[in-house]
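The values are calculated or read from the model by the stated rules, or taken from the named source; none is laboratory data. Computed from a predicted model, the values in this text were never measured in an experiment. Note that each Cβ is placed from the backbone with ideal geometry, even for glycine, and that neighbours are counted across all protein chains shown. Quick note on the areas: whole protein, heavy atoms, side chains included, nothing else; ligands and nucleic acids left out. Shrake-Rupley method; radii C 1.70, N 1.55, O 1.52, S 1.80 Å.
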Amino acid sequence: MAELCDACWHGLANDIAEEEGATTAPSPDPDPDDVSWIEPPMCPDCGAEVRVYPTNYDRWVSLATREQPAKDVPAHYRWRLTPTPTGSVAVRVRAIEPLLSDLVLPDHRMLCVPDEDGPLDTG
């Protein structure tokens, strides 16, 4: 098995994250009076509740809050949670195609409809 230096690993992980819609780890808020971490995270674009999980390559992904049958989720948006000793890790469904009735967690990007009342991004 090949080993990568830190720079090569981060480059590879960032490429995978860009393809899959994952991001860097959520930054901890230094404000001790902030209790927003108790509340479920919300999508900044549409305001819907999301579930944020670490991926198997050290990045984070926002997933829908409910599982859906694989037949209703395009292949590139299908994720599953894998239990680990430290918690669940999101893994994209790739190698083995799930049965159409198998439940998968969709990437939130599939369901995201930006809030039309919010400010428009003109950049």
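Quick one: if the Förster radius is 25 Å, what FRET efficiency do LEU81 and MET42 give, using the C-beta to C-beta distance and rounding to 0.05? So the FRET efficiency works out to roughly 0.80. Taking a ≥ b ≥ c as the square roots of the eigenvalues of the Cα gyration tensor, an a/c ratio of 1.5 or more together with a/b no larger than b/c marks segment 34-103 as oblate. Ordered from largest to smallest accessible area (heavy atoms of protein chains, 1.4 Å probe), the residues THR65, THR23, THR86 come out as THR86, THR23, THR65. Available extension along the chain between GLU49 and LEU99 is 15.3 nm, counting 0.36 nm per residue and deducting the alpha carbon span. The solvent-accessible area of LEU12, taken with every protein chain present and a 1.4 Å probe, is close to 80 Å².
For ARG109 and HIS10, the difference between the fully extended length at 0.36 nm per residue and the C-alpha to C-alpha distance is 33.3 nm. Ordering GLU3, GLU67 by accessible surface, largest first, gives GLU3, GLU67; the 1.4 Å probe counts only protein heavy atoms, with every chain in place.
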